[in-house]
1. Taking segment A:38-59, which residues are closer than 16 Å to A:Ile128 by Cβ and either in contact (Cβ under 8 Å) with a residue 24 or more places away in the chain or more than 11 Å from every other protein chain (Cβ to nearest Cβ) (or both)?
2. Looking at (1) at pLDDT 90 or above; (2) under 23 Å from A:Arg24 (Cα atoms), can you tell me which one A:Ser101 breaks?
3. Counting only residues that are touching a Ser or Thr at 6+ places or on another chain (Cβ under 9 Å) and either within 29 Å of A:Cys57 (Cα to Cα) or in a loop (DSSP other than H, G, I, E, B) (or both), which one in segment B:70-84 is farthest from the other protein chains (Cβ to nearest Cβ)?
4. B:Leu187 fails exactly one of the following numbered conditions: (1) hydrophobic (A, V, I, L, M, F, W, C); (2) buried (at least 22 other Cβ atoms within 10 Å of the Cβ); (3) not in a helix (DSSP H, G or I). What is the number of that condition?
5. Give B:His286, B:His276, B:His309 a once-over and let me know the one that is under 14 Å from B:Leu175 (Cβ atoms) and either among the β-branched types (Val, Ile, Thr) or more than 21 Å from the chain's Cα centre (by Cα) (or both).
6. Any residue that is of a type in the set (Val, Ile, Thr) and either more than 22 Å from the chain's Cα centre (by Cα) or under 19 Å from B:Pro320 (Cβ atoms) (or both) - is there at least one of those in segment B:93-109?
7. Within segment A:124-139, track down each residue that is in contact with a helix residue (DSSP H, G or I) (Cβ under 7 Å, 6 or more places away or on another chain) and either away from chain B (no Cβ under 14 Å) or without any contact (Cβ under 8 Å) to a residue 40 or more places away in the chain (or both).
8. Within segment B:178-197, can you find the residues that are over 13 Å from the mean Cα position of the chain (by Cα) and on the phi > 0 side of the Ramachandran plot?
Amino acid sequence: MFKLVGGLLILAASTMAGFRMANRYAERPKQLRQFVSALKVLETEIFYAATPLPDACQRIAARLPAPVGEFFHKISDKLRDGRGLTGDGAWQEALDEMRSSLVLKDGDRDVLRQFGRTLGVSDRSDQIKHIHLGVAHLTAEEASAREDQARNEKMWRYLGALVGLAVVILLY
Amino acid sequence: MIVHNRLHPATLDLDPVLRDQIAPVLPQRLRQAVLSLPDDIRRQIEEVRIRLGRPLQIYYGGREGFVTLAGSLSSRAEDGHLIDDDDIAQTLNLMTHSSLYALEEELRRGYLTIPGGHRVGLAGRALLDGAGQLRGLKEITTFNLRIARDVRHAAEKIRHLLIDSTAYRLYNTLLISPPQCGKTTLLRDLARHLSCGTLHPKLPPQKVGIVDERSEVAASWRGVPQHDLGPRTDVLDGCPKAEGMQMMIRSMSPHVLVTDEIGRPEDGAALLEAIHAGVHVVTTAHGFGMHEVRNRPVLRQLFEQGAFHRYIVLSRRRGPCTIEGVYDRRGERVQTGSESHV
């Protein structure tokens, strides 16, 4: 009886672990896509409306689900807190704070960091150029993330359960 | 001078203008220093000067002084807090909301307006385009924060002179003064009185249209006037005067058009057109007295055509808004016992 319960627990745990890994592969392209749409909204806000950054980020945050929405919400708050942060400062701080909830690879983070450096410090046409560059880089990252997803998502979903099963069989 | 505050009188001691409007655009250190100044000085601050590599300075009640980090005032420049790169960067970020791109027009003009209607003058390195035209500023290193305090009742002394006492109509009026003599303040107060119907008991409230080319009369921030201009006032912000006046007449059917600093030929033409359309006008011009009205091309033309019924000359002789003289259509001093008020 105990053996049966123990075996089931092991199976459940390893299946869950497998699903978590699979989810990370499914989430990454999604989050990158959301960053791309965020930058596109930012482009519209900057180019057509010249909306100041805190307001623009607030609007982006309202449109996107967490954690990307939350990321922009943080930036907006940081820019309004009276410390006189640059767009860059707020962007990097938010990126650090959201490290655990954003399932991004180091390469993705580098692209985002790079983009943040130019945020708000130049005229409109220059901002638009940087946004286009950021969108291009993120889209490339997204494509590679989709490949990873196709390759790994299913595998992890089965692998967890199978490894669990193997362990249970070995223990019996 | 009556300082207008939107908050309850009990909080007047804390100086809401400084606390709610000026402090948020100053970096922490400078904010601390300015807010720690002695109460009587803090209340009178007119300008805060922030220059890279030089000490923090204020102008207050016609005097000046350098501010230390601890919040005391010194007449010696070397005592003042030396402004460093961080101070400048933070000030710029706070004033522009970290969004330089949103202020291209302001950078070209060299000043921006912050909430509360305060004006920040900017200087740095000019940025020219291919044709040698000024495109904006970069490497901004100097800020001049001019605190706008709403002076109510500035128009008290002259209001009885602006009304035609037989027909109870407003005279077309030109205010003449050198800079910093309260010309815009007086204009603003007149607009408010006209709009509220408090200028003269016999003059009903007027629809007022303000064409605010340089965002100075209404001090609009993101299109919203930061000064109280009365309930019947429409503001066209940032629009060239000549076009703006015609637009106002077409779209807002004002009784009175208010505009600042006429000087270009097209301004004069637009003013005449407005007057012929039956709209009353109140406007201002830079100058020191009536001789300029008679000699400057645009003003002379308006004078010869009898466009204005009242010319009011201001100076700073006894503080801002000192009225030097009121003249009629023919340029003769109006004798209504007003000299005793001056």
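The values are calculated or read from the model by the stated rules, or taken from the named source; none is laboratory data. Keep in mind the model is a prediction, meaning the values are calculated, not measured. Positions of Cβ are backbone-derived with ideal geometry, glycine not excepted, and every protein chain shown enters the neighbour counts.
1. Answer for segment A:38-59, where residues must be closer than 16 Å to A:Ile128 by Cβ and either in contact (Cβ under 8 Å) with a residue 24 or more places away in the chain or more than 11 Å from every other protein chain (Cβ to nearest Cβ) (or both): A:Ala38, A:Leu39, A:Lys40, A:Val41, A:Leu42, A:Glu43, A:Thr44, A:Ile46, A:Phe47, A:Tyr48, A:Ala50, A:Leu53.
2. Going through the list (1) at pLDDT 90 or above; (2) under 23 Å from A:Arg24 (Cα atoms), A:Ser101 breaks only (1).
3. Looking only at segment B:70-84, we keep the residues that are touching a Ser or Thr at 6+ places or on another chain (Cβ under 9 Å), and these are B:70-72, B:74, B:79-81, B:83.
Restricting the remaining residues to those that are either within 29 Å of A:Cys57 (Cα to Cα) or in a loop (DSSP other than H, G, I, E, B) (or both) gives B:70-72, B:80-81, B:83.
Numbers: B:Ala70: 21, B:Gly71: 18, B:Ser72: 24, B:Gly80: 20, B:His81: 16, B:Ile83: 13 Å.
My answer is B:Ser72.
4. Looking at each condition in turn, B:Leu187 falls short on (3).
5. Working: B:His286 fails: either among the β-branched types (Val, Ile, Thr) or more than 21 Å from the chain's Cα centre (by Cα) (or both); B:His276 fails: under 14 Å from B:Leu175 (Cβ atoms).
After applying the criteria, what remains is B:His309.
6. Going residue by residue through segment B:93-109, those that are of a type in the set (Val, Ile, Thr) are B:96.
Right, trim to either more than 22 Å from the chain's Cα centre (by Cα) or under 19 Å from B:Pro320 (Cβ atoms) (or both) and you get none.
No, segment B:93-109 contains no residue that is of a type in the set (Val, Ile, Thr) and either more than 22 Å from the chain's Cα centre (by Cα) or under 19 Å from B:Pro320 (Cβ atoms) (or both).
7. Initially, segment A:124-139 is screened for residues in contact with a helix residue (DSSP H, G or I) (Cβ under 7 Å, 6 or more places away or on another chain), giving A:124, A:127-128, A:130-131, A:134-135, A:137-139.
Scanning segment A:124-139 gives A:His130, A:Gly134, A:Val135, A:His137, A:Leu138, A:Thr139.
8. B:Gly197
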